[in-house]
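The values are calculated or read from the model by the stated rules, or taken from the named source; none is laboratory data. Just so you know, these numbers come straight off a predicted model, no measurement behind them. Positions of Cβ are backbone-derived with ideal geometry, glycine not excepted, and every protein chain shown enters the neighbour counts.
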Amino acid sequence: MRRALYTILVSLHPRRFRDRFGAEMIEIFDAEIRRGTAAKLLLDGAASVVRQRFLRSSPPEPVIPPVPLAHGLCAPSFRILDEALPRRSALVNGALLSLFLAFGLGFAASRGSGKLHGMLIGAKYPRPQVLPVDRASVMQADPTTEVHVVSPKPDPWDELARIYFDIVRLLRTLDADGDRIISAWEIVTAASPLRRLDRDGDGELDAEECGFVWDKGVDPTITNRARMQFMRIHPVLGALDADRDGLISLKEIEGASIALRALDKNGDGSLSPAEVLPERIDSRAAMILSRLDKDRDRRLSAQEKANERAGRLRSLLDSADRNGDGIATAAELTTELQLRDATKRIEEAAKGARETLNPKRK
Amino acid sequence: MKPDFAEFLPLNPAVLQILLALAGEDLHGYGIMQEVLHQSEGRCKIGPGTLYDNLSRLMQNGLVHEVDGPEPERTRRRYYRLSSLGKSVLSGEIDRLEKVVRDGRSSLSARRPRRV
């Protein structure tokens, strides 16, 4: 309860401060809870919210680095020499002042008398002080310049991550801002969205609540095995399910932020798609689906398999369809890839053994 | 132009405690809190809100830098180090406090009633 209250207090801080120090503040609070001295920190947190919201002005925002242009593409570009953008309030004040000045000058030039009329460079109605324009000198020109805009190539990781986050509902829930990166703040506050996932209210998350989808008519033994496999195969679920019982208990939910930090291989405090995607087989299956599964139903119909983009994958897709219904599901595709991978490894092992036994044949 | 350390003086008590804690070694946020508690023999305790508010301003003013921690902690915690400007400010504040103590003592001794 106190932790939840403190998390709310931290989340009330300005975003810049919260992103920078929020995770550390909650970590300190957790340590103080264990020492039994957390109550005063709630007051400190509330005072900090007031201080950061009303007494501290936000520092200027850094300039966003210019997007590099594709090689050979010439286009005008602008660069800001300042290291930081002006404050938002300064921009608003500047805009209002500019509007006021422009309106004032326009009003004075059109309605004023005397010298101000000399400032006019155009008028709706003929005036004696405005010079007449001879438009006959303007040549009729037919513009022939064509502008081609090269659309940027889609990032394959982003597309892959989008599909993967759709498959694993738990990840989608953790990723509150939908940028497919589990930020430091989303890691620290992970317990709260995970509790919301518990739809049946039994205090723990099962495979279905994490995103597992399975046909109802399948043998329960096979379903249970697939359920366990689902909880183990995905790194995030594997990290959260510490006791490997296929369920994420209330205790494991409370310790979610610590478990998730274990996946942060590059130590940048957040989890990128490369850190949450399972390696090899599943990422390859998701990649194939991302290329061919047009209707996003996680299964490849005969029509989708016949797509010319399938190319060399067609034999793989045909053999993946074990039940011969003409459809290759994500599970069938994963199984086929696992089988091929296992076969390849066995062949490599056998080859290695042969070479060890008969070195001369090498 | 380098900022003059005198413009940061006098320091408020929380900032002084944080700079004193960092004078010995690089510390992470919780380490600073513990060190402040230890140095003040339990009398002064600063909360995370106060700590990070002051740390953020100290970093903006260049008195403290963020550094990599030791290897096992590197991936998790941020460590903070006193900059050379921070050291100058801290020694300036200690000199100022010494002068305050000296002046205070001499004022008190001047007012002490003479024994007849």
message = Taking the criterion of being within 14 Å of chain B (Cβ to nearest Cβ) and at pLDDT below 85, would at least one residue in segment A:223-231 satisfy it?
response = no
query = What pairs can you find where one residue is in segment B:29-48 and under 20 Å from residue B:59 (Cβ atoms), the other is of a type in the set (Asp, Glu), and their Cβ atoms are less than 6 Å apart, with a gap of 6+ or different chains?
reply = B:29/A:24; B:47/A:44
3 or more residues more than 14 Å from chain A (Cβ to nearest Cβ) and farther than 20 Å from residue A:56 by Cβ: qualifying helices (runs of 4 or more DSSP H) within segment B:12-110 = B:13-24
ask   = Do we find that residue A:190 is closer than 16 Å to residue A:276 by Cβ, aliphatic (A, V, I, L, M), surrounded by 19 or more Cβ atoms within 10 Å (Cβ to Cβ) and within 14 Å of chain B (Cβ to nearest Cβ) in this structure?
value = no
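What are the residues in segment B:53-110 that are among the polar types (S, T, N, Q) and either closer than 24 Å to residue B:9 by Cβ or touching a residue at least 12 places away in the same chain (Cβ under 8 Å) (or both), if any? Quick ask: steps written out before the conclusion?
Restricting attention to segment B:53-110, the residues satisfying the condition of being among the polar types (S, T, N, Q) are B:54, B:56, B:60-61, B:75, B:83-84, B:88, B:91, B:106-107, B:109.
The answer is B:54, B:56, B:60, B:61, B:83, B:84, B:88, B:91, B:106, B:107.
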task = Answer yes if at least one residue in segment A:251-260 is surrounded by 20 or more Cβ atoms within 10 Å (Cβ to Cβ) and over 23 Å from the mean Cα position of the chain (by Cα), and no otherwise.
result = yes
Checklist (1) at pLDDT 90 or above; (2) surrounded by 15 or more Cβ atoms within 10 Å (Cβ to Cβ) applied to residue A:117, failing item = (1)
ask   = Of (1) more than 30 Å from residue B:70 (Cβ to Cβ); (2) under 20 Å from the mean Cα position of the chain (by Cα); (3) of a type in the set (Gly, Ala, Ser), residue A:267 satisfies all except one. Which?
value = (1)
task = Check whether at least one residue in segment A:252-274 is out of contact with any Asp or Glu (no Cβ under 6 Å at 6 or more places or on another chain) and at pLDDT below 80, and report yes or no.
result = yes
note = Within segment A:193-219, residues over 25 Å from residue A:285 (Cα atoms) and surrounded by fewer than 15 Cβ atoms within 10 Å (Cβ to Cβ) come out as A:196, A:199, A:200, A:201, A:202, A:203
request  = Could you tell me which numbered condition residue A:165 fails, if it satisfies all but one of (1) crowded, with 19+ Cβ neighbours inside 10 Å; (2) of a type in the set (Phe, Trp, Tyr); (3) assigned to a loop (DSSP other than H, G, I, E, B)?
outcome  = (3)
remark   = Condition set loosely packed, with under 12 Cβ neighbours inside 10 Å and not β-branched (Val, Ile, Thr), scope segment A:26-48, selection nearest to the other protein chains (Cβ to nearest Cβ): answer is A:40
